[in-house]
Amino acid sequence: MKRYYIYMAILALGFVSCEPELENSIEDEGFYSSGEADFSHYVALGNSLTAGYADGALYLTGQNNSYPNILAQKFALAQNTDEFTQPLVNDNIGGLLLGGQVVALPRYVLSVGANGPVPVRYNATPTTEITNRLTGPFSNMAVPGAKSYHLLADGYGNVQGVAAGLSNPYFARFATSDNTSVIADAMAQNPTFFTLWIGNNDVFTYATSGGTGKFQLNNTDVTTYGSNDITDPNAFAFIYSQIVEQLAANADGVLLNIPDITTVPYFTTIPNNALALDAPTAGNLTGFFQAVAGVMTKVLMQQGASAEQAQAIASQYAIQFNEGTNRFLLDVPVTQTNPLGFRQMTAEELLLLPIDQAALKQGYGSVVLTQDVMEVLAVLQAGGSPTQEQVQTLFGAVSGIDDEDVLDTEEIQNVQTATAAYNNAIKSIADNFNLGFVDVNALVAKLDSEGIPFDGGVLRSDFVTGGAYSLDGIHNTPRGAAVIANAIIEEINATYNAKLPKANIGNYPTVTLDQSGM
Amino acid sequence: MKRLFLLGLMILATAVTYAGGYRVSLQGQRGLAMGHTGVAVVNNAELAFFNPAGLVYLENKINTAVGVSAVFSDVVWQNDEFGQMARTDSPVGTPFYAYFSYKLSDKVSLGFASYTPYGSSVEWEKDWAGSHLVNNIDLAAIYFQALVSYKITDNLSIGGGPIYANGSVKFNRNLNRSLTDIDGNRSNVTVEATGVNGFGWSAGIMYSPMDSLRIGVNYRSQIDLKAEGGDADFQNIPNSPLTPFEDTTFDAELPMPAELTVGLSYQLNDQWLFAFDYNRTFWDAYESLDLDFANPNIPDSKNPRNYQDASIYRFGMQYTANDTFTLRAGYYFDESPVQAGYFAPETPRNDSNNFTGGLSINVTDNFAIDASFLYSRFKEITESYDYYQENGQNVPFEGTYKSSAFVPGLGVTFKI
């Protein structure tokens, strides 16, 4: 009698432990595959874009959603892999401390103010102390701020040099020694697979500084460069090749090229024609600049120019303003042909995201029409002759936009020339070493043109609302990182005959909302 | 003898019960062991559920049947496009029943029944890929019913009575696929309502054209459980006026659909009884699960379900081995009420083949132990739920599902 209960119990247990199994489970051997690649130890190299830096800071959820981490999760579905480790920071505040002093600010969050949602710095104190060196090495070797040549630089992670700007605070957190280099720490791990996305900062820092640095064309000595300079394309190609030569010696990998940064929200959000004028104000401004041109003609003639010459030069200041939108004025160097040192922006020129928008409303980028200026205009209108002082008041009222707030035509040209040259080098190096290659430049261009569709909408490059870029206007959101990851997966599947699943873009977040900064 | 039992257990282990949607067909160990048939079977007090018309045919004056089942059900889901997989870790469900009948006279029996015909308990891994549809749900409804059974002629009877239903629901899901607070914790909402009431009725008729054959029809009405003022608890919401989700109350309504059963039983000889039941469950009533939040700033949640009426085909047999042992087995095929494109992971049910078995042990003339088990085998299915929206756009949630359920049950029958 008892026996039957036991039999039933055994039968019951047998069924209970029998979990449903799918006919073709993704956990089955061979469902996904690495193809000819070997992902057993994947190492990612790069800069902030690879580190998971976003919203102007490095913080935990950004790191967790870095494209290498997304990739590593997919790699692990295809084969046994080492755990993908990242030099995680302390918190979701972002920012860094050096000896207790804040050396990098917290992240941006989107806060709603009186004029709607704006990015503001999260109101908290960073807790990540860079002198607390983590025990590495880490699979994600990306170092925010690194340029191409920094990967080869010994001592780039020496904490002693951080304060003086000689080394990098992010690398100082996880370098295996004071004297090591990024590439040495990467190679010491004997990677079987790598991704490399480096070179962005070789041109980005120039662009984000408003072109205040120098295009170091034909200067291959990188030790002479300033931090906002553009790396010489020949130097870049040489350095990049050296990096890849080491990495590719015993590993397969994928190289990512450099997007044209001038299409990201940092440069495209503030329109250069945001000077909105009603008809009377436009008339006033046009009158003001006719006055400027008139006075300038006289000044030049007093200095000995012919009437014809004087008019030719002064006429550039008779700028016409119309009701509606008008382009801002720009400060430029004073020259013989532009003695007042300003001009109106052209259609292509770009204002930078951090520009003081309140100041723009107060006359920055046009004219600060004070009472004194109005008096001078009245004198001129009455047909009188302004005094020397009044002329200075008149000319001084012009408030052109400063160099660091704008990327002018020549600077854009420098950025694009360098980017194109770097990308040529990256492509040919990828071909030489038979590596995978991802055209991030094309992806970024697509975000800016038609957008990249996914199941929940279309990712675009629009600031805040586009979904692809974080609140610093340059770095990806996690959703943008998933797009990069998917492009790499596509390339790996094609180049290495692998079968890897993609990331579901819609599952990754975009910008973070928080009121703490208000 | 021993051998016979083992054989019986192994071979007759062909039976079933677990219905589509959130119907849980576990309303009697004897009926369940026979494929959950019983609309035309006069066996014990389980008739209170299967067909109250038959209560009057029970031989004893007082009949009681009480039992409980343990539902072990698991679901696995995967999406091979994105390399995602998830398994439920659902708590063990324990549907029960308690039936009582009292023979007032030869013509009239009175009865009382309490049972749990609807419920669902599904728990996915928190923040799994479908967490914007459901993280976990626990739905339960208890029916209480007073019954009268009346014998019109010796071979024709009717029965029925009013039902009071009391239900509760607890449901958690993430607000969407990606919203988090500053620390990356997914924003989610738990809605909970208890003591939700509704009224209905059931009625049946039983006819016996000849001694060995019975025919039965039973109908149980739809009961709408209306939750009013349930609690909605929002968690991990970003600190922002752009996400004005505050704890509030909600109203919602969930139908416990009507069910019509017709069936017959045939007593071949002293040992063998065969039974066939056909169920039609009127799932059409379940069009949408809508949560109406009291706070006007919180958008109401509309979740189309669009269930369709579904049928279940049941077959059972009983072998009376001797005075002590009775063996039972059964099978049923259960059609899913869920339509293509509406396959939501909160009730991931598709068509299933169900195998049941069980036995009764008459410990004394008055007291028997009834044991049963059910194994539900769901076909693997690749389906999607297409009516979740983001930014006004339908975002399908797709994947391949496979479910199974194993339900051992134990009960007692008491009669004097």
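The values are calculated or read from the model by the stated rules, or taken from the named source; none is laboratory data. As the structure is a prediction and not an experimental result, all values here were calculated from the model. Cβ placement follows ideal geometry from the backbone for every residue including glycine, while neighbour counts extend to all protein chains displayed. For accessibility, only protein heavy atoms count, side chains too; no ligands or nucleic acids. Shrake-Rupley method; radii C 1.70, N 1.55, O 1.52, S 1.80 Å.
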Taking the reciprocal of mean 1/r across every pair of different Cα atoms in region A:110-182, the Kirkwood radius in Å is 13.9 Å
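Ignoring ligands, DNA and RNA, what accessible area per residue does chain B give at 1.4 Å, in Å²?
Details: 15590 Å² over 416 residues.
With all protein chains present, chain B gives 37 Å² per residue.
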Could you work out the mean count of beta carbons from other protein chains within 10 Å of each residue's beta carbon in A:20-29? 5
Under 5 Å, built H, 5+ apart or other chain: amide partners of residue A:163: none
Shielding of B:398-404 by other chains, given as the mean Cβ count within 10 Å, works out to 3
q = 0.13, 0.32 Å⁻¹, region B:326-378: log10 I(q)/I(0) [Debye, one scatterer per Cα]: -0.49, -1.14
Residue by residue through region B:182-198, what is 3J(HN,Hα) from phi via Karplus (6.51 cos²θ - 1.76 cosθ + 1.60, θ = phi - 60°)? Round to whole Hz and write x for glycine and proline. 4, 8, x, 7, 5, 6, 8, 9, 10, 10, 9, 9, 10, x, 7, 10, x
Work out Dmax and Rg for region A:270-353 from the C-alpha atoms and quote the Rg first, both in angstrom. 14.1, 43
In the Gaussian network model of chain B, springs joining C-alpha atoms below 10 Å, which of B:330, B:83, B:160 carries the largest mean-square fluctuation? B:83
Using alpha carbons only: equivalent-ellipsoid semi-axes of region A:275-406, gyration tensor based, whole Å: 24, 18, 13
For the pair residue B:379/residue B:146, report the inter-label distance in nm, with labels modelled 7 Å from Cα in the Cβ direction. 4.6 nm
Note on region B:2-415: contact order normalised by length, alpha-carbon pairs under 8 Å, 6 or more apart, percent, works out to 20 percent
For region B:2-415, Kirkwood radius (reciprocal of mean inverse C-alpha pair distance, Å): 22.2 Å
Choose one answer from B:212, B:360, B:109: the residue with the largest mean-square fluctuation in a GNM of chain B with alpha-carbon springs under 10 Å. B:212
Go ahead and collect, in residue order, the members of region B:326-362 whose backbone nitrogen is under 17 Å from a label point 7 Å along the Cα-Cβ direction of residue A:23. B:350-353
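Stokes-Einstein at 25 °C, 0.890 mPa s, Kirkwood radius from Cα pairs: D for region B:283-416 in µm² s⁻¹?
On the way: Rh = 18.2 Å.
Estimated via Stokes-Einstein, D reaches 135 µm²/s.
How far, in nm, would the chain grow between residue B:104 and residue B:416 when pulled straight, counting 0.36 nm per residue and subtracting the alpha carbon separation?
Details: separation 312, 0.36 × 312 = 112.32 nm, distance 1.35 nm.
My answer for the length gained is 111.0 nm.
In region A:275-406, what percent of the accessible surface is made up of carbon and sulfur (1.4 Å probe, ligands and nucleic acids excluded)?
Reported share for carbon and sulfur atoms: 50 percent.
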Within 10 Å of each candidate Cβ there may be at most 14 other Cβ atoms; applying that plus a DSSP loop requirement, which trypsin sites (Lys or Arg not before Pro) in region B:26-109 survive? B:61, B:107
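What does the charge count around residue B:64 come to, taking other residues whose C-beta lies under 15 Å from its C-beta (Lys +1, Arg +1, Asp -1, Glu -1)? Don't jump to the answer; show the numbers that get you there.
Working: positive: B:30, B:61, B:103, B:415; negative: B:46, B:59, B:365, B:370.
Residues close to residue B:64 contribute a combined charge of 0.
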With a sphere of radius 13 Å drawn around the Cβ of residue A:229, what net charge do the other residues whose Cβ falls strictly inside it have (Lys, Arg +1; Asp, Glu -1)? -2
Could you please report the charge total around residue A:159, scoring K, R as +1 and D, E as -1 over all other residues with beta-carbon less than 9 angstrom from its beta-carbon? +1
Cα extents of region A:305-379 along the three principal axes, largest first, in whole Å? 43, 33, 24
Pairwise FRET efficiency - residue A:179 versus residue A:224, Cβ, R0 = 30 Å, nearest 0.05: 0.85
Within 10 Å of each Cβ in B:174-187, how many Cβ atoms from other chains are there, averaged over the peptide? 5
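Using the C-alpha gyration tensor of the protein assembly as shown, what are the square roots of 5 times its eigenvalues, in whole angstrom, with the largest one first?
Details: eigenvalues 1160, 225, 79 Å².
Equivalent ellipsoid of the protein assembly as shown: 76, 34, 20 Å, largest first.
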Out of the DSSP beta bridges found with both residues in region A:275-406, what percent are antiparallel (nearest 5)? 90 percent
Heavy-atom accessible surface that A and B bury in contact, both chains counted, 1.4 Å, Å² to 100: 4200 Å²
Counting heavy atoms of the protein chains only and a 1.4 Å probe, report the per residue accessible area for chain A as a whole number of Å². 42 Å²
Please calculate the 1.4 Å probe accessible area of residue A:262, with all protein chains present, and give it to the nearest 10 Å². 10 Å²
Of the accessible area of region B:334-398, computed with a 1.4 Å probe and all protein chains kept, carbon and sulfur make up a percent value of 43 percent
Region A:412-418 - phi-based ³J(HN,Hα) in whole Hz, Karplus 6.51/-1.76/1.60, Gly and Pro as x: 4, 4, 4, 4, 6, 4, 5
Compute the length gained on full extension between residue A:83 and residue A:307: take 0.36 nm times their separation in residues and subtract their Cα-Cα distance, giving the result in nm to one decimal. 72.9 nm
Looking at region B:233-266, residues buried by 40 Å² or more relative to their chain on its own, accessible surface at probe 1.4 Å, turn out to be B:239, B:241, B:242
For a quick check of understanding: with a 1.4 angstrom probe and all protein chains in place, what accessible area in square angstrom does residue A:150 have, to the nearest ten? 40 Å²
Using θ = phi - 60° and Karplus 6.51 cos²θ - 1.76 cosθ + 1.60, couplings along region B:74-85 (whole Hz; Gly, Pro as x): 9, 10, 10, 9, 8, 10, 7, 5, 10, x, 10, 9
How long, wide and thick is region B:338-416, going by the Cα atoms along their three principal axes, in whole angstroms, largest first? 66, 22, 14
Sort region A:339-481 into rounded, prolate or oblate with this rule: let a ≥ b ≥ c be the square roots of the eigenvalues of the Cα gyration tensor; rounded if a/c is under 1.5, and if a/c is not under 1.5, prolate when a/b is larger than b/c, oblate otherwise. prolate
What nm distance separates the two modelled labels at residue B:323 and residue A:417, each placed 7 Å from Cα along Cα→Cβ? 11.0 nm
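Rounded to two decimals, what is Rg over Rh for chain A when you use alpha-carbon atoms and the Kirkwood radius? Intermediate values should be presented prior to the final figure.
Working: Rg = 28.7 Å, Rh = 26.0 Å.
That ratio equals 1.10.
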